[in-house]
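One structure is given below, encoded as structure tokens.
The values are calculated or read from the model by the stated rules, or taken from the named source; none is laboratory data. Here the structure is a predicted model, which means the values were calculated and not measured. Here the Cβ positions follow ideal geometry from the backbone for every residue, glycine too, while neighbour counts run over all protein chains shown. These accessible areas exclude ligands, DNA and RNA; they are computed on the full protein's heavy atoms, side chains included. Shrake-Rupley method; radii C 1.70, N 1.55, O 1.52, S 1.80 Å.
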Amino acid sequence: MNETKIRKRAPRKQAVVDRFPEDGTRRVVVENVLPSVEDGRYAVKRTVGEELEVTADVFADGHGSLRAVLKYRPAGSSTWTETPMEEVENDEWLASFPLEQAGFHEYTVEAWLDTFGTWRDELEKKSAAGLDVGSELLEGARIVREGAERAQGRARTWLAARAAVLTGGELQTACVVAALAEDLEEAMARVPDRSRAAAAGRTLRVWADRERGRVGAWYEMFPRSAGTDPGRGATLAEAAARLPDIAALGFDVVYLPPVHPIGRTHRKGKNNSLVVAPGDPGSPWAIGSADGGHTAVDPALGTLKDFDRFVAAAAQARLEVALDLAYQCSPDHPWVREHPDWFRHRPDGSIKFAENPPKKYQDIYPLDFECVDWRGLWQALLEVVQFWIGHGVHIFRVDNPHTKPFLFWDWMIAEIQREHPDVIFLAEAFTRPRVMERLAKGGFTQSYSYFTWRNTKAELTEYFTELTEEPVREYMRPNLFANTPDILHEYLQVGGRAAFQVRLVLAATLGASYGIYGPAFELCEATPVTPGSEEYLDSEKYEFKVWDHDRPGNIREFVRIVNRARREHPALCFDHRLQFCPVEGDELIGYMKTTPDLESIVLVVVNLDPHRVQHGFVEVPIANLGIPADQPYQVHDLLSDERYLWTGARNYVRLDPAVMPAHVFVVYRKIHTERDFDDYQ
């Protein structure tokens, strides 16, 4: 049998595959740059005048010295401004920059190994130990010469001369003194070697709103109910007469439901009835008639010039006008005739009316954002906003934005704010958390919230902890409406006058922005259309009213006092510096707000039980306030004007809802004079 000769084959030479990193000489790592929303996909939110505090984790292998800078610029600028970052602890670095104008700003972090600083530290240690540092001085001379090559003008000449000094022969001690001199350290810091600097993965953005985007008190009113004649609706001119009174209550924004012509087809009667009586005005949200659509004024209210006068009168009273932006149409809207393809049709050719089962809105046609001509629809909706900006409106409360595409809002808000960065959008979206959050990320300045349905101590504590902690606080600003024309919560229905006071204090102090549906709230209207419903009986949505603003039982003076507290105490003008304080009992809730410098400190204690007296001890975080445990401090209740002298963390409170259901204390950390102490004995 012949043996088969097997040849051993030489192994194939492996092809060289370049899997090296792009630059293996970069040793510095920059990561976890904050604040950031989804790694920079969306912008964080701040307001003009604030400083944006930025942190980053910056580190490298070995023990070399590091330097890091925060780089920032207004969006669109080609020039970065830099500010040095300081290491806080555990490789976390910190710096901040001012937001001086409305709009987008960009920021990033860059870091590098400080060759000169590393060498200087080593030289200092070896020299102090009495070691020979001749080699180190030669190395330092090279580093300084390289710095001279990066310098310009006189700095270049000076550094070159100092490099020569470092190699000054036998005078090693003098060379060391020159090497460690502060002027050399400062000069080298101005010409760092950043050729191997590392930067954050992407440039981040912050949107800066004007101040009203962060803080404000809103008052919702129906202009047609601002008159004195029960036989007809009021005009805008009559409604303007109410503005000084609203301003005197301490509000910043007067919010109007749609002021457009109201359709007649399927017009709703009183209490949302399908039966319409002569003279029933219909719902303002059924927009459009033969008199016009979204860029027209209902003739019953007046003319466009009357609207302009209303806006001017509001400005005179130091109020801003917010207008409801409801992207929907009555069957009589001009768009139904001119653009029937903008609406969704049934198989029989009829247009579908709006529904939110079991609610039916026969007087409203929703727009079809998936229609073939969606670009034309988007453009028309954009032009509606541009039109009202041209008539002095810079705040829009957007009706049901969660029923329209996210991409539309991303586009529309960006288009508006590109030319008008002062425009504010409030999202009225009582829907699922992720949907509300996505709207906020996409550009809405403020958001309605679940506040109305958070009434217990546990619910309020959990919800506002969520809203004021990262990451939610970076992009979502709640506007806490205590009631709306659609929402009369059971708590208000059964709690009496004290319940309205409780909810007002909570809304106005937990949130920097809050609102009330005005007359109904200040007059403590509490009757639902049916038991178990959150709709008002004889709702103003379907009829005009004549309000007696001074009728017995109103809380107008209480509203004024609360709003004055907000204006006079900056701690209440921010959301995120909220800290809940332990307080005995399930019906007492306590929390504190401060400014960073502790110049403004407000402690709020609220009795959530509108029927019974509640009392207990509240724990004030005096250690965080810099108050010694044995030092007396003053608290001044802004609601009752009473003053107390407290000592230590635990202090007693007693709240009778029949008298006053809350304390809003200003905390003064020191008693300034001997007389102050005597006054509180």
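The Cα center of the stretch 342-399 and the Cα center of the stretch 190-269 differ in position by 20 Å. From most to least packed by mean Cβ count within 10 Å, the peptides 569-580, 225-236 give 569-580, 225-236. Beta-bridge orientation, the chain: approximately 70 percent antiparallel, per DSSP, counting only bridges with both partners inside. The chain has equivalent-ellipsoid semi-axes of 58, 37, 24 Å, by the square roots of 5 times the alpha carbon gyration tensor eigenvalues, sorted largest first. For the stretch 292-343, taking the reciprocal of the average inverse distance between every pair of different Cα atoms yields a Kirkwood hydrodynamic radius of 13.0 Å. Over the stretch 561-645, accessible surface divided per residue gives 43 Å², non-protein components excluded, 1.4 Å probe.
The alpha-carbon of K593 sits under 25 angstrom from the alpha-carbons of these lysines, leaving out residues fewer than 8 places away in its chain: K45, K457, K670.
When a 1.4 Å probe is rolled over the protein heavy atoms, the share of accessible surface on the chain that falls to carbon and sulfur comes to 49 percent. Rolling a 1.4 Å probe over the protein heavy atoms gives the stretch 222-270 an accessible area of 34 Å² per residue. The residue among Q579, G626, V176 whose Cα reaches farthest toward the positive pole of the charge dipole of the chain, with charges on the beta-carbon of Lys, Arg, Asp and Glu, is V176. Packing here is the average count of other Cβ atoms within 10 Å per residue, and on that basis the peptides 257-266, 485-494, highest first, run 257-266, 485-494.
In the context of the full set of protein chains, residues of the stretch 312-404 present 48 Å² of accessible surface per residue (probe radius 1.4 Å, heavy atoms only). Near H294, within a Cβ-to-Cβ distance under 15 Å, what is the net charge of the other residues, with Lys and Arg +1 and Asp and Glu -1? Neighbour charge sum, excluding H294 itself: -4.
Listed by chain and number, the lysines placed with their C-alpha closer than 18 angstrom to that of K541 are K268, K270, K359, K360; residues fewer than eight positions away on the same chain are left out.
Around the Cα centre of the chain, unit charges on the Cβ atoms of Lys, Arg, Asp and Glu (plus for the first two, minus for the last two) sum to a dipole of about 1980 debye.
Under the criterion of Cα pairs below 8 Å and six or more residues apart, the relative contact order for the stretch 489-624 equals 24 percent.
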